[in-house]
Amino acid sequence: MSAETLQFKTELKQILHIIVHSLYSHKDIYLRELISNASDAIDKVRFESLTRHELLEGDSAWKIKIVADKTAGTLTISDNGIGMTRDELVENLGTVAKSGTKAFIEALQKADAKERPELIGQFGVGFYSSFMAADKVVVVSRAAGQATAAKWTSDGEGEFTIEDAERAGRGTDITLHLKEDSKEFLDEWTIRSTVKKYSDYVEHPIVLDVEKTGEKDEKSIVEETINSQKAIWLKKKSEVTEAEHTEFYKHLSHDFEAPCKTIHYSAEGIIEFKALLYIPGKRPADFLWAEAKRGLHLYIRRVLIMDNCEKLLPPYLRFIKGVVDAAELPLNVSREILQDSPLLEKIKTNLTNKVLNTLDEMKNKEIDAYTSFYRELGVVLKEGLNSDWGNREKLADLMLYESTKTEAGKLISLAKYVEGMAEGQDEIYYLIGESRELIEQSPHIEALKGQGREVLLMTEPIDEFAVEALGEYKGKKLRAADKGAPEKSVDDEQKEKYKGLLELLQGRLSDLKEVRLSTRLKDSAACLVSEEGDMGAHMERLMKRMGRTDAPEAKRILELNPLHPAVEALQSVFTKDATDPRVETYARILHDEALIAEGSKIKDSLSFAKRINDLLAKDAQK
Ligand code: ADP
């Protein structure tokens, strides 16, 4: 086939531009990325050859070779991995943008310049990072099982060409024509130290040609392996330095910072495996993208089987990065069959326990570190309350909330809340809303505050589901301050006094489930509450904001404060003349007031304004 010139996909052009212009301070990461691709390519052919032995073509001496040509000013990274066909070269290196690319570019455009390198790092720049160091890149590749090779050439400006080529054997050579300011990578020492820094643990040998002088002063060129190749998770715990962990974690996560906690252990007994897990300190940038890669790297006896095995941890621990190397799983079955293996389920249970226990230990011993982790990722952990029944208690112990008794920004655990409960209090109070300020002003907690009771203040959308699912903690029911009947009942005298008025309002305000008296209020005249089990007002507002107009709207209960002068005034109008139209008007004003107080929207704001204006006009005439 003849040579063709093709255009990069638009998003790739944008990405290239951004990478070249904002990552210059981390220029050396291109070597890490290319070595990582080479290593992946070797893993792929090794895995494929388990069932298709012929792909090896007799060559299973896995190797990644780096050759610096000072005269030509080029650096070549070669591997004997799976290789790419002509079509694959076009697809992988030019036309198909990675999933999530669009979202990534949008995030980049919004981020300020300082944050960009971090975002790019988290996305994983891959092959394109070579254009940070090179103004021309040539890729020659021959796919396993194919007789011919193909050559891909580009200056990273918008086009690339593809043509037929020759290559002895399977694999890929990536040749970078280094830019003037990257010529230091022709230097052996720079190559060695960069490989050591980023790719030391890569399990395949990374080799350099070095000149050796023999006994008789004769010179010869020999290959020297420059990485230690020791899979870091197989080393003894005490043998791995913190710096090594940090580099390995960065490689796995594309994070620019160190992990907040490292979990390194071997499981023995019923099932044997080694695990190296990292708990990130920060929410990854791709956290909310559906296409983001999740899951752990799964190795079986050092052979990489899958790099995003999602079945190893429950979804609510999807922020964990790491590696599992299992001894007993079958090697030569398809990934689909493997994913359903009961052994994998056992590993998952073990890993989940380990992570939850580690978090608990962190919470008990390093509360500051735990709190800062929790602020970033606690919201994901909360999903577990809803989905992992077996671990509900453990998860409940990991939850932290603000409360009416904490300073703004300080968090307490449920255990601490229970410790501080007053005598006779047998429920844990909470209220969900948009912000601490709004919840604190809510009429629903006036009386509780008055009695000195602590109320947990929850502000995450997920809290509504999570707390409902939790139901209780250590035998104490979790009780929403704006749901169900108030703890103290209204005294009989009041009930008798307001009986007629309530009956009348009940009939008139038909959009309400009930109108009743309340002991929940102190300074406010009225509030709206939901029946227990119904969707709360906060959730309803969220649903509406998300455009979910089909969400069922549960009828609410209007509670009136029998001791409030406005309610007493309403009652006296009613006593004088039950048919006075002002009874309904005033009740509607109280209803609207209650909506405003909880942060909801008034349905008919024009009528509300009119009612208030009428009152104003009348009052002014006095
Ligand atoms: P990523 O590695 O994150 O998928 P890259 O842009 O680095 O993204 O690479 C795109 C694709 O090109 C890879 O997924 C892989 O299929 C292919 N590729 C890159 N380098 C090699 C290589 N050395 N050998 C075989 N395939 C490769």
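The values are calculated or read from the model by the stated rules, or taken from the named source; none is laboratory data. Note that the coordinates shown come from a computational prediction; the quantities given were computed from them, not determined experimentally. Cβ sites come from the backbone with ideal geometry, for glycine too, and all protein chains shown count toward neighbours. The protein model used for the area step is the full one, side chains on, heavy atoms only, and it has no ligands, DNA or RNA in it. Shrake-Rupley method; radii C 1.70, N 1.55, O 1.52, S 1.80 Å.
A few points about this structure:
- Odd one out for N308, checked against (1) within 16 Å of the chain's Cα centre (by Cα); (2) part of a loop (DSSP other than H, G, I, E, B); (3) modelled with pLDDT under 90: (2)
- Sole exception among (1) at pLDDT 75 or above; (2) open to solvent by less than 20 Å² (accessible area, probe 1.4 Å) for E157, by number: (2)
- Scan of the range 414-446 for residues that are among the small types (G, A, S) and crowded, with 19+ Cβ neighbours inside 10 Å, ordered by number: G433, S442
- Flag: A103 does not match the condition of being modelled with pLDDT of 90 or more, assigned by TED's automatic domain parsing to the domain that holds E163 and either of a type in the set (S, T, N, Q) or more than 13 Å from the ligand (Cβ to nearest atom) (or both).
- Within the range 566-604, being part of a helix (DSSP H, G or I) and open to solvent by 70 Å² or more (accessible area, probe 1.4 Å) holds for E568, T575, K576, R582, E593, I596.
- Residues within the range 84-100 that are modelled with pLDDT of 70 or more, within 10 Å of the ligand (Cβ to nearest atom) and among the basic types (K, R), tallied: 0
- Looking only at residues in the range 154-182 that are of a type in the set (D, E) and outside any loop (DSSP other than H, G, I, E, B), the one that is farthest from the ligand (Cβ to nearest atom) is E180.
- Residue in the range 112-126 that is closer than 22 Å to V45 by Cα, modelled with pLDDT of 85 or more, crowded, with 16+ Cβ neighbours inside 10 Å and within 15 Å of the ligand (Cβ to nearest atom) present: no
- Residues of the range 332-345 that are in contact with a strand residue (DSSP E or B) (Cβ under 9 Å, 6 or more places away or on another chain) and open to solvent by 40 Å² or more (accessible area, probe 1.4 Å): R335, Q339, L343.
- Being at pLDDT 90 or above and either open to solvent by less than 30 Å² (accessible area, probe 1.4 Å) or outside the structural domain of K9 (by TED's automatic domain parsing) (or both) is a property that does not hold for L108.
- Selection over the range 463-511 of residues that are over 21 Å from G384 (Cβ atoms), open to solvent by 70 Å² or more (accessible area, probe 1.4 Å), in contact (Cβ under 8 Å) with a residue 12 or more places away in the chain and not in a loop (DSSP other than H, G, I, E, B) gives a count of 3.
- Test: residue in the range 479-495 that is more than 19 Å from A594 (Cβ to Cβ), within 29 Å of the chain's Cα centre (by Cα) and at pLDDT 90 or above: yes
- Residue within the range 512-529 that is more than 14 Å from L448 (Cα to Cα), modelled with pLDDT under 90 and in the same structural domain as E598 (by TED's automatic domain parsing) present: no
- Residues of the range 584-600 satisfying the condition of being at pLDDT 90 or above and either acidic (D, E) or in contact with a Lys or Arg (Cβ under 8 Å, 6 or more places away or on another chain) (or both): E584, T585, A587, R588, I589, D592, E593, L595
- The range 193-225: number of residues that are at pLDDT 95 or above and outside any strand (DSSP E or B): 1
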